[in-house]
Structure formats: structure tokens, C-alpha cells
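Some notes on the structure that comes next.
What follows draws every value from the coordinates through simple rules; no lab data is involved. This structure is a prediction, so every number in the text was calculated from the model and none was measured. Note: ideal-geometry Cβ built from the backbone for every residue, glycine included; neighbour counts use all protein chains shown.
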Amino acid sequence: MMRRSLFPVLALVVLAAGCGANSGSPSRQSAAPVATSTPAVVDSNQFIHEYYLRRPAAGSALGLHEFDGQYRLPARAELRAEAVRLRDLRARLDAELLALKPGSRRHGEVRLLQTVIDGDLLQFEGVRAAERNPMFYLTSLDVSLYLKRDWKPLVERVRDLTSILSQAPTVFSIARNQLEPVLPRPWVETAIEIADATGAFLENEVLTAGRACGNAEVLARFETTVKSAAREHREFAIWLRTHRLPATTREFAIGRELYQRLLGTELIDLPPEKILELGMRELKAETTRFEAAARDVDPTRPATEVFKRIQRDHPTADRLIADTRRNLEAIRQFVVDHRILTMPSEVRAEVTETLPPFRATSFASMDTPGPFEKKATQAYYYVTPVEPNWPPAQQEEWLTAFNYYTTDVVSIHEAYPGHYVQFLALNASDASPVQKAFYSYAFAEGWAHYSEQMLLAEGFGQPADPARASAKDRVRAASYRLAQSDEALLRVCRLCASVQMHCFGMSLDDATKFFVENCHYEEKPARQEAIRGTFDPGYCFYTLGKLQFLKLREDWKHQEGTAYSLQRFHDEVLRHGGPPLRLLRETMLKDPAQHSVLF
């Protein structure tokens, strides 16, 4: 999914909806704080409410609409206060854990909450995103959720997003005051790009979409506020160019100690050196698989050239949505027919064109409602069509990204049995509110990435009887393997680049070259991948998550013996929420000696 986004997802600044003075009153009062000297049990519902009270945008996205229209100003004093609150909660959770039985559901919940806190403290006190990353402030003003999902009438959502955008002047004033004089250059350059693009997005697409609400009184404030917010974004971009870009540094690495803490948020205790060793070994193995698949397609040409040739096999512009929809249903039917897992629901993800406001930043994406959403429950698989005014060469270049093989691999990742099935299973499970409110990066992206490899291994796109398959069918099967391997090469390159950039001094230029040479990218997209890695070292978790799923499957299969089936394994995996995979191992594996063996 990340490859198809022109602007990187800011996973490292996930707290950007952060803490500060509330622009509106919460729907209910927070419970009184518990004294730090009393190691009381941390109430799960109170934890969730107070957590998202301080991150209202994330709460709304989960379907907790008591937080709609609220905003928390990211002032330094309030951020520090939140860090103090989190440290207090961490101490209380530590005390509670001592009294819990290992392996119990509450034991797992407490450890999950500990990882949530550890990740947040890493950002507040380690990476210091509010002082070092201007994107922290830009992501906090994202109101796209209010346009994409219709959980309540548009006029009410327009009122909410107006309330949020009214904070823009104060937010950027805080940013200018809090950002350090010398910042990492790729972070500033990316922030300038996002700020300029967001200004245009607000003044064009957001204004157009909001005007459909039809309420003159609401529209008057909406239009004034959106135009002001657009201007604030552009002025922030100008300020960054003038006051921060000239003094930027090439230093962006978080360093070995903080990287180890990042791994710890996924309960991975291996040192970065071992993670890099693991990544380089996987890169070598995946390169071998890529080259073997290319030879099966055409043994006379270099592997990279073979891959570029299969990209020409794509739908026409007017068939793009229909073909994607048809193929998605075929993928779903394969999952059902081959008993890959128990399909949690008959409700399909709806394939549709990416909404016009979001076409500039997405090729294809899965938009699922939050686990607590009760009204806007339809999930959408967005595909971005070519624009009619593009010249033929640009249309053709765009459509190569939607070649049949890669598009099906992406559909596996995003929908069946990837992210959409993950969402359906979570909703259908008896997972607790904590398990539904928090999930790990490695679990979510690792499952989707694992699904790509697993489904092809189970025969998707492959002939039922290879020995009797026609030459055409064998080439088609190899083309699927080549497309899937290309996706895997990207993710393992992210892993290797992440560790090397943040722990071992790899420069941005060297990382760009690494992507060009090892996952067959052109210079521009390779540079984008390297830049993302400077502020999202966690994109290592795509591959680390996939490898953990493969190891867990191997160990569970050995444990279950003749009772094992792939369907049973997947059903069991998906009924526990999305915790760090170490916690899933502790739940599914009976032998404690196996719990810490992640890879």
C-alpha cells in the first residue's frame, strides 16, 4: 500500500493529533487521576477514553465519535504533561502485571498497553517529533476522514472539520516557536511539499466537497475557515523555506539506542545488528526468487527487463475499475474455495474510484471503518483512474502500475485475505475493547504482506497441474510470482535501509542507491522510499511482521500435529486483535521456550 502513496504515511509522528488545550468540551468527564503511590489496576475503558481524549482525530477514525470536531493543541507544556501521565500509567501497569497470571487475557492486555505507552514515550522523549519534525503539525490538521466517511450528515461533519481547521493559525504559531533551529533536511523538504499540497487541497477539493452540505450559515464559517487554513499552510511552507531549509542538516538518524527501543515496542529484543543480518539474508533469498520467476517468464532477458515487460499487461483506462472489481471477487472466491480461512462476513469491500479530493495522493487504498464504527460501516477499495486530460504517454505509465499481476497482489494485501479480512475478523471476534483499540505495526502490515506470499504458495494464479499446464499458463503463473516477489523486495529493502540509515550511518543518497540496485526502482521512487525511511524507521516492520507470521505458522503446525490446518491457523491468528506477535506466540504456543523465538 505504501508504494502507491505519493506522500509517505507519517507513522513516526502518529501522535500528531497530540495533546494540549482542548478546543471543545469532551462528551464526558475524565476520571480523577490516581495517585502514583497507589499501584491500582488500570481500568481499560478509562485508559481508552483518556488516551483518545488527547488524540481525538485518531479516536474519531476508530469510530469513537464522542471526539468528533475536537482538537488538542500540541504545545510543549501539554506534551510534557502527557509524557508524565504516560510514565505514571506505565508504572501502574508494571505493578499490576506482577499480580497477573502469565498467559491470562488481562496479562496480555496489560503488556499490549505497555507497548502503546512505550511507543508514545519514544516519540515524546526520544525522537522528539514536536521539536524536530514539522510534519508533526501538518498531520494533526488532516480532516480527510470527515469527507470520506458518512457516519453522520455532511453538514455536521463540515461543522466538525471547520472547528478543527480553525486551530490552524495557533498550530503553526506553536510550530514556529517549538521547532529547533536546525532540522533534518529530508523532513523539512517533505513538510514543505505536504504543506503546499495541503493548501491547494483545502482551497480546491475540500471547499468543493463541503459546499454540498447546503446550509448557508455553516457554509459561511466553513469557507472563511478553510481559506484561512489553506493560507496558513502555504505560509508555513514559506516559513520553512526561509527560516529552516537554509540551516538544515543531513543528520536524521535516531541512533542505535532509540532504534532498539523502537524494536522493543514490538517486543523484539534482538539487537539492530541481528536485524540487519536477518534482512540481508532475506534480501539475498528474495532476489534469488525474483530472478528465478523472471527466468520462467523469459530466460533470454534480464530479470528487471522481464518485470517491466509484464507491466504492459494491464486493463484499458475504461476497464480499470470493472476489471479490478471482477478480479477482487475471484480472489475472494479462491480464499473461500481453498479454505484459507473462515470468511468472517459476506459483506464485500466496494471497489470504486478514489474520490477526487484524494486522487493526487493515492493509486489504490483500502478504507475500512474503525472497529467501533456503528453507522458508516461500508468498506471501500479505492482505485485511482487515469485523468481524461492526461496525454496518452502519461495514461500508459499510470496503467502499468495496475498490471493484472501486481494489482491482484495489491488486492490480496489490501482486501482478501489482507487488511479488509483483518478488519472483518476483528469485528466478528470477542476481542476486548483494548485489543480492538490498539494494534501493532508489525501485525497489521506483516499479516497483509504475509498474505501475498501465502496465497500464491497455496496456488492462486498458478496452474492446478503444473506438469500439464500450457506454456501460456506457466508464463502467467511465473508473472504472478514475479510481481509478488517485487513487492517483497521493496519491503525487505525498507528493512535493510531502515537499520542502516538509523544505526550504521547510511546516507540518504546511499539509501536511494540501495533501492535502485536491489528492488529495481527508478531514481525518483527510490528516493521517495529512502526519504520515508528517514522519518519512518518502523517501515522495517512489514518484513519483520511477515517473517514472524511464517515462524509462528511453522511452530503452531508442529504443535498441533495432525489437527493442523491452514484454515485453523489463520482463524486462530485473527481472533485476538492485532497485538505484537510475541504476545500472539504466548497465546497460541503451549511451550514457553518457544515464546521468544520470533524468527
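Details
- Of the GluC sites (Glu not before Pro) found in region 444-546, those that fall in a DSSP loop while having at most 16 other beta-carbon atoms within 10 Å are 458, 522.
- Förster radius 25 Å - calculated FRET efficiency between residue 95 and residue 567 (Cβ-Cβ, nearest 0.05): 0.05
- All Cα pairs of region 150-258, percent lying beyond 18 Å: 56 percent
- Karplus (6.51, -1.76, 1.60) ³J(HN,Hα), θ = phi - 60°, over region 241-249, in Hz, Gly and Pro reported as x: 4, 7, 9, 10, 4, x, 10, 5, 10
- Cα gyration tensor, region 88-208 - rounded (a/c under 1.5), prolate or oblate: oblate
- GluC sites (Glu not before Pro) restricted to DSSP loop in region 226-273 with at most 15 other C-beta within 10 Å: 251
- Placing +1 on the Cβ of every Lys and Arg and -1 on the Cβ of every Asp and Glu, with no other charges, gives the chain a dipole of roughly 460 debye about its Cα centre.
- Simple spin-label estimate for residue 472 and residue 260 gives 5.9 nm between the two label positions (7 Å along the Cα-to-Cβ direction from each Cα).
- 5 angstrom amide H check on residue 350, placed H, neighbours 5+ away: 379, 380, 381
- Of the DSSP H helices in the chain, those whose Cα atoms cover at least 18 Å axially and whose Kyte score averages -1.0 or more: 76-98, 105-121, 185-201, 216-239, 272-297, 320-337, 441-457, 471-503, 541-560
- Over the residues of the chain, the helix contribution to mean residue ellipticity at 222 nm works out to -18000 deg cm²/dmol, using -39500 (n - 2.57) for each DSSP H run of at least 4.
- Normalised contact order of region 260-543, rounded percent, pairs of Cα under 8 Å and 6 or more residues apart: 22 percent
- Taken over the chain, the percentage of Cα pairs per 10 Å bin, counting from 0 up to the bin with the maximum distance, is 3, 16, 27, 29, 18, 6, 1, 0.
- The 3J(HN,Hα) values that the Karplus relation (6.51, -1.76, 1.60; θ = phi - 60°) gives for region 130-139 are, in residue order, 5, 9, 10, 10, x, 5, 3, 7, 5, 5 Hz. Gly and Pro appear as x.
- Remark: for residue pairs 227/374; 101/436; 274/546; 274/513, the C-alpha separation exceeds 26 Å in 227/374.
- Length released on extending from residue 245 to residue 338, taking residue separation times 0.36 nm less the Cα-Cα span: 28.0 nm
- For the pair residue 45 and residue 288, label points projected 7 Å from Cα toward Cβ lie 5.5 nm apart.
- Solution diffusion estimate, µm²/s, Stokes-Einstein, region 260-543, Kirkwood Rh from C-alpha pairs, 4 °C, viscosity 1.567 mPa s: 64 µm²/s
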